[in-house]
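The values are calculated or read from the model by the stated rules, or taken from the named source; none is laboratory data. This is a predicted model, so every value here is computed, not measured. Because the Cβ atoms are built from the backbone with ideal geometry, glycine has one as well, and the counts that use them run over all protein chains shown. Note: accessible area is taken over every heavy atom of the protein model, side chains too, but ligands, DNA and RNA are not part of it. Shrake-Rupley method; radii C 1.70, N 1.55, O 1.52, S 1.80 Å.
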Amino acid sequence: MALLYKSDPARGAEWAAILAQKAPDLSFRIWPEIGDPADIRYFAAWMPPDDLMTQFPNLELLISVGAGVDHFDLSKLPPDLPVARMVEPGIVDGMVEYVSMAVLSLHRDLIDYVAQQRAEVWKQIRVRPASTRRVGVLGLGMLGEACCRMLVPFGFQVAGWSRSGRDIDGVTSFAGTDALPEFLARTDILVCLLPLTDETRGMLNAELFAQLPKGAKLVNSGRGAHLDQDALLAALDSGQISAAVLDVTSPEPLTTGHPLWSHPRVLVTPHIASMTQPETAVEVVLENLRRHHAGEPLIGLVDRQRGY
Ligand code: NDP
Ligand code: OXD
């Protein structure tokens with residue numbers, strides 16, 4: 001029985017060292033050193049091969065090394081193969097830091113000050129109290145909820161939108177498609193932390209931007225394909241959106257010369273909002289292997305119908 005890993009090799013080596021300590025009996029293999037494919041029962045991957053089940057006929061459990069599973073083609077997997085996404089505190093901490101940084105940068109006009117510094121301009125922009133700024137988070141799952149909780153103590157007016165709604169202290173919850181217009185109309189800084197599914201693909205588009213107050217700001221740390229990039233550029237031109245922080249793009253990286261690279265109102269980071277941390281990830285993987293054997297519910301089990 002072996003666990004195969006296919007992702008960043010440097011972090012794979014860290015998984016190997018931790019597993020050697022914590023689960024010395026588990027055979028751990030790092031792609032492409034797979035050994036006998038028949039041994040592979042568990043597969044932790046960012047991008048599994050297309051012919052997964054043909055290559056590994058005894059596979060019992062597929063694990064995403066990231067929080068999302070949109071990079072898996074779920075339709076090609078046997079319906080009874082359990083798929084678990086990565087639910088571990090390292091990912092949450094990283095995202096909370098990133099979203100706090102992005103929201104505070106937009107709130108405190110950092111994009112303007114960077115441009116002013118380059119031009120040797122000393123000009124103060126009036127400081128707005130956080131209590132006058134309305135932040136709206138799309139997605140109130142593991143990451144959206146944690147980010148909302150961190151934003152509340154700054155004094156922002158925080159709201160979140162999700163399919164089913166969530167009760168979080170100090171956060172106004174909006175649920176479902178019917179509530180989206182009201183949520184958008186009260187949002188000055190919009191943060192996207194949705195999973196990428198058929199329902200959410202392309203939803204950061206011209207129609208959605210038009211429902212935000214004029215001059216609203218955007219943070220996308222969900223997936224590049226949530227955003228219609230041309231619509232964002234048009235909204236930036238018209239002033240409907242006044243600034244954006246993008247951790248994810250489509251494609252990644254952006255093509256050479258893409259206007260988002262050099263847009264003066266846009267900050268781009270290379271999909272680093274958050275990263276799976278080997279120490280905590282391995283704990284969760286081992287716990288999931290235990291649960292799998294015991295027939296207990298898995299941490300982060302993906303609902304194949306919903307796609308997240
Ligand atoms: P969860 O599955 O825990 O939460 C997803 C949230 O989105 C839930 O609140 C869910 O609603 C809501 N949602 C999903 N579909 C819809 C819909 N159609 N309408 C309304 N709400 C919807 O995911 P995580 O919080 O763990 O992660 C979110 C995403 O963040 C990941 O899928 C990934 O794409 C991205 N990510 C990005 C990283 C980066 O470095 N940039 C790092 C890690 C993740 P409900 O609660 O009702 O189910
Ligand atoms: C993830 C990611 O899904 O890194 O965890 O984007």
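Considering only segment 50-63, state which residues are farther than 27 Å from ALA294 by Cβ and touching a residue at least 24 places away in the same chain (Cβ under 8 Å). Residue satisfying the conditions is ASP50 alone. Within segment 121-171, restricting attention to residues that are away from ligand 1 (no atom under 13 Å from the Cβ), under 22 Å from GLU182 (Cα atoms) and of a type in the set (Lys, Arg), the residue that is least open to solvent (accessible area, probe 1.4 Å) is ARG133.
Being more than 16 Å from ligand 2 (Cβ to nearest atom) and closer than 19 Å to ALA146 by Cβ, is that true of even one residue in segment 191-204? Checked segment 191-204: no residue is more than 16 Å from ligand 2 (Cβ to nearest atom) and closer than 19 Å to ALA146 by Cβ. Evaluated against (1) under 19 Å from CYS147 (Cα atoms); (2) within 13 Å of the chain's Cα centre (by Cα), THR249 falls short on exactly one condition, (1). Could you list, in sequence order, the residues of segment 51-98 that are away from ligand 1 (no atom under 16 Å from the Cβ) and over 18 Å from GLY307 (Cα atoms)? Within segment 51-98, ASP51, LEU52, MET53, THR54, GLN55, PHE56, PRO57, ASN58, LEU59, GLU60 qualify. Note on segment 187-201: residues that are in a loop (DSSP other than H, G, I, E, B) and either closer than 14 Å to ALA216 by Cβ or within 15 Å of the chain's Cα centre (by Cα) (or both) total 9. Within segment 212-224, being within 16 Å of ligand 1 (Cβ to nearest atom) and open to solvent by 30 Å² or more (accessible area, probe 1.4 Å) holds for one residue alone: ARG223.
When the residues of segment 6-56 are filtered to those that are small (Gly, Ala, Ser) and open to solvent by 50 Å² or more (accessible area, probe 1.4 Å), which remaining residue is nearest to GLY68 (Cα to Cα)? Step through it out loud before you land on a result.
Residues of segment 6-56 small (Gly, Ala, Ser): 7, 10, 12-13, 16-17, 20, 23, 27, 35, 38, 44-45.
Next, only the ones that are open to solvent by 50 Å² or more (accessible area, probe 1.4 Å) stay: 10, 13, 17, 20, 35.
On the way: ALA10: 21, ALA13: 22, ALA17: 25, ALA20: 27, GLY35: 28 Å.
Here the residue is ALA10.
From the list GLN117, GLN124, which residue is in a helix (DSSP H, G or I), more than 16 Å from ligand 2 (Cβ to nearest atom) and modelled with pLDDT of 95 or more?
The conditions single out GLN117.
Kindly indicate the residue of segment 57-101 that is away from ligand 2 (no atom under 15 Å from the Cβ) and open to solvent by less than 20 Å² (accessible area, probe 1.4 Å) and also farthest from VAL219 (Cα to Cα) among those meeting that condition. Before you say what the answer is, go through the steps one by one.
Within segment 57-101, the subset away from ligand 2 (no atom under 15 Å from the Cβ) is 57-61, 73, 75-82, 100-101.
When the remaining residues are screened for being open to solvent by less than 20 Å² (accessible area, probe 1.4 Å), the result is 59, 61, 81, 100.
Numbers: LEU59: 38, LEU61: 34, LEU81: 34, SER100: 10 Å.
Result: LEU59.
With a cut-off of at least 1 residues that are within 16 Å of ligand 2 (Cβ to nearest atom) and open to solvent by less than 10 Å² (accessible area, probe 1.4 Å), name the helices (runs of 4 or more DSSP H) lying wholly within segment 229-308. Spell out how you get there, then give the answer.
Details: elements: 229-238, 259-262, 278-294.
Those helices (runs of 4 or more DSSP H) span 278-294.
Kindly indicate which of HIS263, HIS226 is without any contact (Cβ under 8 Å) to a residue 40 or more places away in the chain and touching a Cys at 6+ places or on another chain (Cβ under 6 Å). Don't jump to the end; show me each part of the working.
Details: HIS263 fails: touching a Cys at 6+ places or on another chain (Cβ under 6 Å).
Checking each option against the conditions leaves just HIS226.
Of the numbered criteria (1) among the hydrophobic types (A, V, I, L, M, F, W, C); (2) touching a Phe, Trp or Tyr at 6+ places or on another chain (Cβ under 8 Å); (3) assigned to a strand (DSSP E or B), the one VAL158 fails is (2).
Please indicate, with yes or no, whether at least one residue in segment 84-96 is acidic (Asp, Glu), over 23 Å from VAL152 (Cβ atoms) and either out of contact with any helix residue (DSSP H, G or I) (no Cβ under 6 Å at 6 or more places or on another chain) or modelled with pLDDT under 95 (or both).
Filtering segment 84-96 down to residues acidic (Asp, Glu) leaves 88, 93.
So of that shortlist, the ones also over 23 Å from VAL152 (Cβ atoms) come out as 88.
From what is left, the residues that are either out of contact with any helix residue (DSSP H, G or I) (no Cβ under 6 Å at 6 or more places or on another chain) or modelled with pLDDT under 95 (or both) are none.
Within segment 84-96 (the criterion being acidic (Asp, Glu), over 23 Å from VAL152 (Cβ atoms) and either out of contact with any helix residue (DSSP H, G or I) (no Cβ under 6 Å at 6 or more places or on another chain) or modelled with pLDDT under 95 (or both)), the answer is no, since none of the residues qualifies.
Only one entry in LEU301, LEU286 is within 30 Å of LEU26 (Cβ to Cβ) and assigned by TED's automatic domain parsing to the domain that holds PRO9, namely LEU286.
Criterion first (in the same structural domain as SER105 (by TED's automatic domain parsing), in contact (Cβ under 8 Å) with a residue 12 or more places away in the chain and assigned to a loop (DSSP other than H, G, I, E, B)) does LEU184 satisfy it?
Details: in the same structural domain as SER105 (by TED's automatic domain parsing): yes; in contact (Cβ under 8 Å) with a residue 12 or more places away in the chain: yes; assigned to a loop (DSSP other than H, G, I, E, B): no.
Considered against the rule, which asks whether it is in the same structural domain as SER105 (by TED's automatic domain parsing), in contact (Cβ under 8 Å) with a residue 12 or more places away in the chain and assigned to a loop (DSSP other than H, G, I, E, B), LEU184 comes out as no.
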